[in-house]
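Novice: Let me begin by handing over the structure; questions about it come next.
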Amino acid sequence: MITVKLVGGAKKSFSKEQLEIGKSDITIQELIDLLLQLQPDDSPKLDTENILIAINGADSSAMDGKSTIIKNNDVVSIIPVIHGGASKKLLYKISSKQIQILQIKGKKAIDVKFLDDLRKKYPKLQLQAVSSQFVLNSYHMKKILSLSLESQKNDILLSNKPETDILMRFALTKQISAAIASVGIKPNADFILIAIGNKTNLHSLHKELSPLIIPLFSKNNTIFLKKSFKISKKQIDCVYSKTPLEDILVEKAAVLL
């Protein structure tokens, strides 16, 4: 038996918040196919290309993607991330660490001091901010964070702090100053806030910033990222993957050492 929880716009596709599926040991893709068959004909179509799928609270994009096996008694959450009620918060776990992802609307008065003030107010949280333009989607975000946290565990960080390592890997540079200049907070520019810590502090941070939060990954940054990192169509065509640009960006970030 698999429990499927439907979040945001996904609930409209089934007119309920939860489904019980009498199967197990199936892939996420097989579950998606089954859900599309079970969906009522008169309901809004479930946009399977723009959803985050979590298994027992962990983002499946950090596992085996749509090939991830769902086991008996697993709880699968279906969360729209662009259409039909875009998510304004992502919570997942990497290397036993709780991580919260928020996107903040850029304002003239919000600059690097904003992040410094948050760090002083929430000393138990590890906080970093990355320009929204430099994040392609949830898959890209999760893979880069996994690289940094694994590097921390293996004592091979690019700098002495994981927060700085994260910034450098999104910027694809070993120079801290260059990373800050390219992907750091800038006035009037939207940015993604990455917070690592316990659930209580993460909840408090989310509550405080709620008026500034906007939907995640609502813009397509493909062209910008290709141009910024000089990634050609030929390079992309050489990658045998459903997510070639993301995989190229992650590979470049992984070989910065």
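Novice: Work out the length of the dipole vector of the chain about its Cα centre, built from +1 on the beta-carbon of each Lys and Arg and -1 on the beta-carbon of each Asp and Glu, and round it to the nearest 20 debye.
Specialist: Numbers: 37 positive and 25 negative charges, 206 e Å.
Dipole about the Cα centre, nearest 20: 980 debye.
Novice: Between LEU90, LEU209, LEU125, find the one with the highest GNM mean-square fluctuation for the chain; connect C-alpha pairs within less than 10 Å.
Specialist: Highest fluctuation among the options: LEU209.
Novice: For region 1-79, compute the number of Lys pairs whose alpha carbons are separated by less than 13 Å, excluding pairs fewer than 8 positions apart on the same chain.
Specialist: On the way: LYS5/LYS16; LYS11/LYS45; LYS12/LYS45; LYS23/LYS71.
So the count of such lysine pairs works out to 4.
Novice: Another question about this same structure. Let me have the 222 nm mean residue ellipticity of the chain computed from DSSP H runs of 4+ only, each contributing -39500 (n - 2.57), with the sum over all residues rounded to the nearest 500.
Specialist: Details: 10 runs with 94 residues, N = 257.
Taking each H run of at least 4 residues, the total per residue is -10500 deg cm²/dmol.
Novice: May I have the extent of the alpha carbons of the chain along their three principal axes, as whole Å values ordered from largest to smallest?
Specialist: For the chain, the Cα spread along each principal axis is 53, 44, 34 Å.
Novice: Share of Cα-Cα pairs in region 2-80 beyond 21 Å, in percent? Let's see the in-between values first.
Specialist: Values: 508 of 3081 pairs.
Percentage above 21 Å: 16.
Novice: Any lysines with Cα under 18 Å of the LYS153 Cα? List them, leaving off those in the same chain fewer than 8 positions away.
Specialist: In chain and number order, the partners are LYS93, LYS97, LYS142, LYS143, LYS161.
Novice: Using a 10 Å cut-off on Cβ atoms, rank the peptides 157-170, 99-112, 232-245 from the highest mean neighbour count down. Provide the component values of the computation, followed by the final result.
Specialist: Details: 157-170: 20.7, 99-112: 17.3, 232-245: 11.9.
Packing order, densest peptide first, comes out as 157-170, 99-112, 232-245.
Novice: Report Rg (one decimal) and Dmax (nearest whole number) for region 54-158, counting Cα atoms only, units Å.
Specialist: My reading of the Cα-based Rg and Dmax gives 15.7, 50 Å.
We did not get these values from a lab; they are worked out from the coordinates using the rules stated. Just so you know, these numbers come straight off a predicted model, no measurement behind them. Cβ coordinates were reconstructed from backbone atoms using ideal geometry, including for glycine residues, and neighbour counts include every protein chain displayed.
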